[in-house]
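See below for the structure under consideration.
The values are calculated or read from the model by the stated rules, or taken from the named source; none is laboratory data. All of these numbers come straight from a predicted model, not from anything done at the bench. For neighbour counting, all protein chains shown are included, and Cβ atoms are generated from backbone atoms with ideal geometry for every residue, glycine included. These area figures cover heavy atoms from the full protein model, side chains too; ligands, DNA and RNA do not enter into them. Shrake-Rupley method; radii C 1.70, N 1.55, O 1.52, S 1.80 Å.
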Amino acid sequence: MVDEIKEVIVAEALAGMKRTHLCGTLREEQIGEEITVMGWVAKSRNLGSLYFVDVRDYTGILQVVFDHDTEPELFERANLLKSEYVIGVTGTLRQRSSINDQLPTGRVELAVSQLKILSESEVPPIYIRDDDTVQEAIRLKNRTLDLRKPRMQEILRTRSEMYKVTRDYFYDQGFVEVETPILSKPTPEGARDYLVPSRPHPGSFYALPQSPQLMKQLLMCSGFDRYIQIARCFRDEDLRFNRQPEFTQIDMELSFVEEEDIIALNEGYLKQLFKAIKGMELETPFPRITYRESMDRFGVDKPDVRFGMELRDLSDIVADIDFNVFKGALSSGGSVRGIAVPGGASHYSRKKLDKLTDFAKTYKAKGLIWIKVNEDGFQSSVSKFVTDEKFQEMATAMDAQVGDLILVVADRNSVVYAALGNLRNHIAKELQMYDPSVVAPLWITEFPLFEYDEEEERYVAMHHPFTAPMDEDLDLLDSTPEVCRAKAYDIVINGDEMGGGSIRIHDPKIQAKMFKALGLGAEEAQDKFGFLLEAFKYGAPPHGGLAYGFDRLCMLLTEEENMRQVIAFPKTQSASDPLTGAPIPLAQEQLEEVHIQVLEEEEVNE
C-alpha cells in the first residue's frame with residue numbers, strides 16, 4: 001500500500017529556518033541582503049527558465065524567483081507549488097526586472113536559494129482577493145480563507161489597534177479594568193436573555209449578560225471609583241446589519257460624577273481614538289441637542305446632521321383644510337409634518353414616489369403625500385383637497401424652492417416621526433446628499449425616563465430601571481412618571497448610536513419610587529434586584545457611566561456598512577454560524593445531564 005502512494009509532498013519542518021523579514025516590508029534599501037520570508041502562495045507563473053511566485057503574508061506580497069539555470073532542482077520543486085501552499089524561502093534580494101509601482105514591494109524580488117514546503121492546500125473554494133464577488137454565505141462558511149484577504153486583515157488589525165488606544169486612554173485617566181461574570185442572573189427588562197442550564201442545580205438557569213450594568217454599579221459601591229471593561233455581551237434579539245447576538249462593548253462606570261464629567265471624558269476619548277486610527281482631528285466640545293429637539297427636527301433620536309432636510313410642523317397651516325387625512329390626524333392628537341427634498345421634483349417620478357410611499361408604510365404610515373414645487377405651480381397627490389394658496393403656505397414654511405419636492409405624513413406623532421425621520425435618511429443616502437468622509441458627532445440628552453410598550457400595555461424604562469430622573473422632575477415620579485426626563489445621554493455619529501449612558505440612581509428611596517412607577521412591588525424588586533438594593537444600604541456613591549457598541553465604532557472607523565465585516569467570526573441574520581454549524585441539537589445524554597427536555601414542535605404549539 002505504501003508503495004502505491006506516489007508524488008506525495010510531505011510537509012517539511014522548519015528545521016532551523018528562521019523568518020528574517022515580512023513579505024510586504026522589503027524595499028530597495030535591502031537589496032543584496034540574504035532574506036527569509038514565509039507565507040502563502042498567492043500566484044505563480046512559469047516563464048520557461050524562470051518561475052515566479054507571489055508569496056503573501058499579512059503585510060503584503062513579495063515576488064520570489066526560481067531560476068532553472070542556477071538552481072535546477074529548486075526550479076523543479078517550485079513547479080509543484082499551487083495556490084495557498086504555505087512555504088518558506090531564503091534567497092538574495094535584488095532589483096526587480098519589471099517594476100510594479102502598484103505594489104509597495106514592486107521594485108524588488110527574491111532570488112531563491114532554499115525552499116521549504118510547509119503545508120499543502122487543496123483548491124480554495126473562494127479567491128483570496130478583495131474583489132472576490134462570492135456570496136456572503138460562502139465567505140462565512142470559509143471564513144478562515146476569507147480572513148486571509150488584505151481588506152479583512154486590515155479591518156481586524158484596525159480593531160486591535162482600537163483596543164490598545166482605548167485601554168491606553170482610560171488607564172491614563174485612572175480607570176481599573178475588571179472582568180465581570182459571563183454566567184449571571186437573568187434580567188427581567190430589555191431584550192431576551194441567552195439562558196444556560198445549571199447541571200448542579202436542576203431546573204435553574206444562568207443568563208449570559210446583556211451588559212455588565214448591575215455588576216459595574218456594584219463595583220462603584222465597592223469603592224473602585226473608575227471601572228473600564230471591553231466586555232462581551234449577548235442578546236437574543238432579531239438581527240439587522242448592525243446587530244449581532246454576541247457583541248463587544250466598551251463599558252465604563254465612574255463615581256462622584258455628573259453628566260458633564262462623563263461627556264467631557266468621552267469627548268477626549270473619541271478625539272484620541274479618531275486621531276490615532278484615522279489621523280482625524282475632531283473638534284470638541286461636540287454639539288448637543290435634547291431628545292425632544294431631535295425628534296421635532298429629525299424624526300429620530302439618532303439623527304444624521306451631515307445634511308439638512310429637517311422636519312417641519314405643518315399642523316397649524318392645514319388645520320382648516322377639509323381633508324379627512326389631516327383632520328383625523330389632528331383630532332386624535334397627532335400632527336402633520338413634512339420634509340423638503342432639494343431638487344426632488346424632477347428626480348422622483350410617479351413610480352419612484354410609489355416606492356417612497358411603500359417605504360413610509362414600513363414605519364406604519366398609512367400613506368405619503370407629495371407636493372412638487374414647479375415653475376408653473378404645484379403638482380400634488382392631494383390637489384383636489386388643497387388650494388394653491390395653502391400649498392404656497394406649506395412651501396414657505398418648508399423653505400421649499402422651485403424644483404423641490406415636499407413629502408408629508410399625517411398620523412400619530414410616533415408614526416409621523418418614524419416615517420419621515422427614516423425617509424429623510426433613506427433619501428439622503430439615495431441622492432448622496434452628504435460627504436461620507438465627514439464625521440459629525442452629536443450628544444442627545446434629556447431622554448424620557450419611560451416609554452410606553454404597546455405589546456405589554458404599560459410604561460417601561462426607556463434605558464433601564466436604574467437611570468436617575470432629572471432633579472427638577474423628581475417629584476413627578478409619584479404623580480406623572482410618564483413625563484419625567486432622564487439624566488441620560490447618547491453619543492450619535494453620522495446617524496448611528498455609538499454609545500449611551502446615564503447617571504444612575506444611588507438613593508434606595510428613589511430606586512423604590514422608580515420600581516413602583518414600573519409596576520414592581522417591593523417584594524418583586526427584592527427578588528429580582530435584591531443584591532443591588534442590599535449593596536445600596538451600605539453607602540452607594542453618586543455614579544454614572546456609558547457603554548459604546550465597539551463593533552459599531554469599528555464599522556465607522558473602517559467605513560464598513562455591515563457589522564459582520566468587522567467581526568472575525570460573526571453570526572448570520574438567523575443567529576447561526578456557517579463556519580461551525582452552530583447552533584446544533586444535543587444528544588439525549590447531554591440534555592439529561594443538565595435536566596433539559598426538548599419538546600417536539602407540535603407539543604410547543606399545543
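Observations
- The Cα center of the stretch 337-361 and the Cα center of the stretch 477-496 differ in position by 32 Å.
- Counting only protein heavy atoms and using a 1.4 Å probe, the accessible area of VAL336 comes to about 0 Å².
- Counting only heavy atoms of the protein chains and using a 1.4 Å probe, VAL37 has close to 0 Å² of accessible surface.
- Whole-angstrom gap from the stretch 239-306 to the stretch 552-606, using each part's C-alpha centre: 29 Å
- Sites ASP475 and SER332 - FRET efficiency at Förster radius 45 Å, r taken between beta-carbons, to 0.05: 0.90
- When the solvent-accessible area of the chain is split by element, carbon and sulfur atoms take up 50 percent of it, the probe being 1.4 Å.
- Per residue, the solvent-accessible area of the stretch 179-282 (1.4 Å probe, heavy atoms of protein chains only, all protein chains present) comes to 47 Å².
- Computed from point charges on the beta carbon alone (+1 for Lys and Arg, -1 for Asp and Glu), the dipole magnitude for the chain about its Cα centre is near 1100 Debye.
- Taking 0.36 nm per residue of separation and subtracting the current Cα-Cα distance, fully stretching the chain between GLU600 and ALA264 would add 115.5 nm.
- Maximal additional length on extending the GLN30-GLU454 stretch stands at 145.7 nm, based on 0.36 nm per residue less the C-alpha distance.
- Given 10 as the ceiling on other Cβ atoms within 10 Å, longest exposed-site-free region of the chain for trypsin sites (Lys or Arg not before Pro) in DSSP loops: 19-239
- Cα shape, the stretch 449-606, gyration tensor, a/c 1.5 rule: oblate
- For the stretch 371-399 versus the stretch 400-429, the spacing of their alpha-carbon centroids is 16 Å.
- Label point distance in nm, GLU389-LEU586, each placed 7 Å from Cα along Cα→Cβ: 7.5 nm
- Global geometry of the stretch 455-513, whether rounded, prolate or oblate, following the gyration tensor of its Cα atoms and the 1.5 cut on a/c: prolate
- Leading residue at positive end of dipole, the chain (Cβ point charges), from VAL108, THR25, SER479: VAL108
- Helical contribution to [θ] at 222 nm, DSSP H n ≥ 4, -39,500 (n - 2.57), averaged over the chain, rounded to 500: -8500 deg cm²/dmol
- Three-way shape call for the stretch 145-195 based on the alpha-carbon gyration tensor, with the a/c threshold at 1.5: oblate
- Cβ-Cβ distance of LYS355 and VAL196, R₀ of 56 Å, FRET efficiency by 1/(1 + (r/R0)^6): the value works out to about 0.80.
- Computing FRET efficiency as 1/(1 + (r/R0)^6) for SER49 and ALA137, where r is the C-beta to C-beta distance and R0 is 45 Å, gives about 0.55.
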